[in-house]
Amino acid sequence: MSKSSIDEGSSDRNGPARDRSRPRAVPGSGGRGDAGSSTSERILDAALVSFATRGYEASSLDALAQGLEIRKQTILYWFPSKEVLLEAVIDRSAIELSAALEDSLTSAGSGWSRIEAVVRSVFRLAARRPELVGLVREMGRLGTPAATRLVTALEPLVHRASEFLEAEMDAGHMRRHEPRLLLLAIYSTVIGMLTEVEVLRAFGEEPTARSLVRRRNEILELLRSALVTEPA
C-alpha cells in the first residue's frame, strides 16, 4: 500500500514514529468516557464492514462518517488517519479471531478432534460474523504492512498450532509435513471455501445453514484424509 492510498487526514498528531507492525491499543478502553467509547466502537464496526465488503481503497472516511451520521472530524479525533483506523480494525479483529479459536481449542480433545474443532469454529464465526472473514481476505490482498500486522497479532496462536501439529506428527498420528506450511494449506483451504460463500452473497444468493454445513463437512473430510494416518 502506498502512503497516498491509505492516508486520509493528517497523522502529524501521532508524535514520534512507532513500529506499525505491532498491535496498538484500540480506542474505546481509555479515559474518554462511555459515550466516547461507544462512538469509537461504532466507527470500528462500520470500518470493518466497509473494508471487508467494499475493500480498503474503495472505503473513505467521508462515506463512513455519512453512514454513521457523524462528522469526519469525529473519526479523525479517534483515528488520526485512515491507516490508523485500519490498524485498529485489524487489532480488534485479531483479538476476536483469537478468542474464538482459543475457546474451541479449550473445549476440544486431542489429535484430529482439535483440527475439527478449529474448522467448526471458523465456520460458525463466518456464519455469525462474515465481515471478519472478508477482512482476512482483504488483508491478504493488500499485503504488507496490513497482512504482516494481522499475522503478527495471531502469531502466538500460530505458534501453538505449529507445536500441536509437530507433536501429532512425532506421535505418528498425522502424516509428516512442515507444520507452518501445513497451517498455510489448511488456512487456504478453509478461507477459499468461505470466500466462495461470500461470492454467493455478493450475487444476492444467501447461503443456507445446510449449504454451510455441507461445505464444512467437505473440508473436514478432505483434511482428515490428507492428514490422519489412523482412526482418531
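Bear in mind these aren't lab numbers, they're just calculated from the coordinates by the rules spelled out. The structure displayed is predicted, hence computed values, not measured ones. Every residue, glycine as well, gets a Cβ built from its backbone with ideal geometry; the counts of neighbours run over all protein chains shown.
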Under 1.5 on a/c is rounded, so check that first for region 67-158, then, if it is not, pick prolate when a/b is larger than b/c and oblate when it is not; a ≥ b ≥ c are the square roots of the alpha carbon gyration tensor eigenvalues.
prolate
Cα gyration tensor category, rounded, prolate or oblate, for region 88-227 with a/c compared to 1.5:
oblate
From the Cα centre of region 170-192 to that of region 70-130, the distance in Å is 21
Distance in nm between ASP103 and GLU178 label points, each 7 Å along Cα→Cβ, equals 3.5
